[in-house]
Every structure is written in structure tokens, then in C-alpha cells.
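Notes follow once the structure below has been shown.
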Amino acid sequence: MQTIAWDDQKEAVTLIDQRMLPDTPDLLLCNTVDELIHAIRTLAVRGAPAIGVAAAFGVVLSFKTSTTIEEALKKCEELKNARPTAVNLQWAVERVLAAVEDCESVGEARERSLDLAKRMAEEDVEVNRAIGKHGAKLFKDGERVLTHCNAGRLACVDWGTALGVIRSCFEEGKHVEVVACETRPLNQGSRITAWELMEDKIPVTLITDSSAAYLMQRGMIDKVIVGADRIVKDAVFNKIGTYSHAVNAKHHGIPFYVAAPMSTFDLNHTEADIKVEERDGDELRYFKGIKNAPDGVDVLNFAFDATPLELVSAIVTEEGVIYPPF
Ligand code: MRU
């Protein structure tokens with residue numbers, strides 16, 4: 001099953017609830033845009049392309065439950081800001097709203113937005129397939145590839161960006177091995193990347209985030225590939241910890257690749273303009289409900305960091321591979 005699907009009968013979005021992984025995935029039905037906003041904020045659906053497509057269906061939900069176009073647009077503004085860093089969220093909402101600009105009723109806007117949201121879901125898979133094909137050229141049989149967070153099929157509608165490249169390698173008969181960083185504090189690497197690669201029988205070894213530099217020093221990593229939440233003029237925003245991997249890769253002469261669709265590019269901005277999401281400190285104070293730090297300790301919990309472009313060896317997009325100076 002794909003990460004996000006529209007249920008025509010229920011007129012609702014069905015998501016694989018990623019909070020439940022690695023246990024058997026549960027499905028989450030969102031009937032209203034408020035339910036979808038909650039799903040995005042709590043990471044039931046996560047990963048830049050996935051929240052983009054989910055938000056496209058969110059626009060449909062807001063036309064479904066609103067009595068006027070103005071009311072729906074107000075909800076869409078809230079949806080657009082559900083998480084601030086991944087540009088795909090804003091991009092998707094704006095794309096759908098532009099397509100319904102001349103609609104005269106909520107019913108007409110709902111129908112038209114649904115057609116486009118369904119098309120965007122299909123496009124996401126096609127785009128990831130193309131990223132995979134271009135990216136696979138960068139890898140050789142037998143290489144060991146480090147990745148961070150989850151840029152796999154669960155971060156998209158299907159196939160994945162960084163992990164899509166790995167899947168395409170296998171499709172072409174290149175057996176690469178993945179080293180997955182745990183990705184504290186929400187463990188998208190151990191819970192989701194390790195899970196989805198094992199489902200596909202792709203070799204994966206889990207490490208703590210802080211082991212990465214040591215493995216590089218010992219010659220155990222040939223290449224790094226990650227996804228992106230936003231690519232601006234001078235940096236790549238991705239899950240917190242990505243920047244350390246890029247610095248370490250540079251130090252050890254290891255290529256550092258980013259795989260992302262063109263919808264992740266935001267070339268009107270530089271790093272300083274972008275708001276990095278800061279999440280609740282309880283994500284560090286507790287681990288699965290168990291106390292993990294002293295009560296009341298101050299916490300800094302940035303969800304993303306920015307890797308300067310000079311640390312990036314190549315960016316893989318659906319249109320091809322881009323090399324420095326980008
Ligand atoms: O907080 P998350 O889990 O949404 O963060 C996701 C990431 O950082 C991914 O690497 C990024 O969105 C790319 S997904 C193809």
C-alpha cells in the first residue's frame with residue numbers, strides 16, 4: 001500500500017500512521033483538514049514529499065467541510081503552516097489553490113482540487129522513480145552507503161528519494177549496503193528506514209548517530225545519501241544531524257549526495273531566511289513515555305539543520321544530477 005491514498009467512498013485521506021512503526025503499520029483516516037493538520041504536526045505523516053501530497057488532499061478536505069471559499073482558504077493557511085521547514089508543504093498547498101482560483105463554489109473547488117491532488121500523488125511516484133534512475137549512476141556494486149532519517153517510500157507516496165536511489169540500484173543489479181543512522185530523538189532511521197529496507201530485503205545495518213564519524217574513519221562508509229526538506233541558494237535543510245554527517249564526510253573524502261525533487265528547491269531564499277522547526281522538549285525528556293532526563297531540564301530540540309552547499313558533492317533530482325557550483 002502507498003503512504004497516502006484518497007478514499008473515494010469515505011471522501012477522506014488514508015495515511016500509513018508512521019507513529020506506529022516499526023510495529024505493524026496502522027492506517028489513519030483523516031476526514032477533516034483539522035485531523036490532517038494534527039497528523040502532520042504529530043508526524044503520523046512525515047517526510048517532505050509525503051507532507052506535500054497529504055497537504056494537497058488537505059486542501060480538498062478544507063473545501064469539503066467549509067461552507068464558503070473564504071472559510072476554506074483560512075483553513076488552508078493554517079495547513080500551510082503546520083510545519084515550517086519543508087517547503088513541499090507550502091508548495092503543494094499553493095499549487096492546488098492556484099488551480100482553483102477561478103472556482104465560484106466550494107463544490108467546484110473541491111472537485112477540481114481532488115483531481116489535482118490525485119495527479120500530484122501519481123507524479124510523486126514518477127518523480128521518485130526518475131530520481132532513482134539518475135542517482136543509481138553514482139553508486140557501484142558492493143558500496144556501503146550511510147543515510148540519515150528516512151527519505152524512503154514512507155517519506156513520499158512511494159519508492160522514496162534517497163532510498164529510492166538505493167532501490168533503483170537493486171533494480172539495476174547493484175547490491176549496495178545501507179548504514180542507517182538511528183536519528184534521535186524520534187528515531188525515523190531505526191523505526192522507519194530500517195523497517196522499510198528490511199521489508200524489501202535490502203541489507204541494512206543500524207548505528208547510533210554518534211557512530212557515523214568513527215565508521216567513516218575506519219573506511220566503513222563509501223558514500224552518504226540523504227533527502228532534503230528545502231534547498232535554498234546556499235544550503236540544504238534536512239533532519240538534524242545531517243550537517244554533522246556532511247562535515248565528517250568532507251573530512252574523510254567521502255562523497256555526500258542529496259536526493260530531492262525539484263519541488264524541494266526554494267531558490268528565492270538563503271539559509272538565514274528559513275525558520276527551523278523547534279519541537280517539544282519532552283521528545284528528549286521522555287522516551288516512549290519513560291523518563292529520560294531530569295524533570296524540568298532545559299532542552300533545545302531543533303528538528304532540522306542546514307548543510308552549506310560547499311559540503312554537497314551532488315544533488316540528484318528527477319531532471320538529472322546537479323554538480324557544484326550548482
Ligand atoms: O521530521 P521528519 O521526519 O518529517 O523529517 C524528514 C526528513 O528530514 C527527511 O530526510 C526529508 O523530509 C526528506 S524525505 C524524502
Q.
Could you tell me how many of the residues in segment 277-289 are open to solvent by 100 Å² or more (accessible area, probe 1.4 Å) and more than 16 Å from the ligand (Cβ to nearest atom)?
A. 1
Q.
Can you say whether THR24 is among the β-branched types (Val, Ile, Thr), modelled with pLDDT under 95 and part of a loop (DSSP other than H, G, I, E, B), as far as the supplied structure shows?
A. yes
Q.
Pairs needed: first member in segment 171-192, farther than 15 Å from LEU206 by Cβ; second member anywhere, of a type in the set (Ser, Thr, Tyr) and surrounded by 20 or more Cβ atoms within 10 Å (Cβ to Cβ); C-beta distance under 9 Å; at least 6 residues apart or different chains.
A. LYS174/SER168
**Q.** Criterion (among the aliphatic types (A, V, I, L, M) and either buried (at least 20 other Cβ atoms within 10 Å of the Cβ) or under 22 Å from HIS269 (Cα atoms) (or both)) met by exactly one of LEU61, LEU73
**A.** LEU61
Q.
Checking the conditions here, which among ARG46, ARG95, ARG83, ARG119 is crowded, with 17+ Cβ neighbours inside 10 Å and away from the ligand (no atom under 16 Å from the Cβ)?
A. ARG95
**Q.** Pair list, Cβ < 7 Å and 6+ apart or interchain, from segment 132-145 residues that are at pLDDT 95 or above to residues that are among the charged types (D, E, K, R) and part of a helix (DSSP H, G or I)
**A.** GLY132/ARG167
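Each row is one residue, and each column tells you yes or no for (1) open to solvent by 40 Å² or more (accessible area, probe 1.4 Å); (2) touching a residue at least 40 places away in the same chain (Cβ under 8 Å); (3) within 13 Å of the ligand (Cβ to nearest atom).
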| position | (1), (2), (3) |
| --- | --- |
| LYS223 | no, yes, no |
| LYS275 | yes, yes, no |
| LYS291 | yes, no, no |
| ASN301 | no, yes, yes |
| ILE315 | no, yes, yes |
| GLY320 | no, yes, no |
| PRO324 | yes, no, no |
Q. Residue check, ASP26 against (1) open to solvent by 40 Å² or more (accessible area, probe 1.4 Å); (2) in contact with an Asp or Glu (Cβ under 6 Å, 6 or more places away or on another chain); (3) within 16 Å of the ligand (Cβ to nearest atom), all met but one. Which one?
A. (3)
Q: Specify which of the listed residues (VAL145, VAL127) is out of contact with any helix residue (DSSP H, G or I) (no Cβ under 6 Å at 6 or more places or on another chain) and open to solvent by less than 10 Å² (accessible area, probe 1.4 Å).
A: VAL145
Q) Looking only at segment 303-313, which residues are among the small types (Gly, Ala, Ser) and either in a strand (DSSP E or B) or open to solvent by less than 20 Å² (accessible area, probe 1.4 Å) (or both)? A) ALA303, ALA306
Q | segment 78-91 residues that are basic (Lys, Arg), paired with ones that are within 13 Å of the ligand (Cβ to nearest atom) (beta carbon under 7 Å, 6 or more apart) | A | LYS80/LEU89; ARG83/ILE40; ARG83/ARG41; ARG83/ILE51; ARG83/LEU89; ARG83/GLU277
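The values are calculated or read from the model by the stated rules, or taken from the named source; none is laboratory data. None of the values given here were measured: they were computed from a predicted structure. Please note: Cβ atoms are built from the backbone with ideal geometry, for glycine as well, and neighbour counts cover all protein chains shown. Ligands, DNA and RNA are stripped out before the accessible areas are found, and what is left, the full protein with its side chains, is counted by its heavy atoms. Shrake-Rupley method; radii C 1.70, N 1.55, O 1.52, S 1.80 Å.
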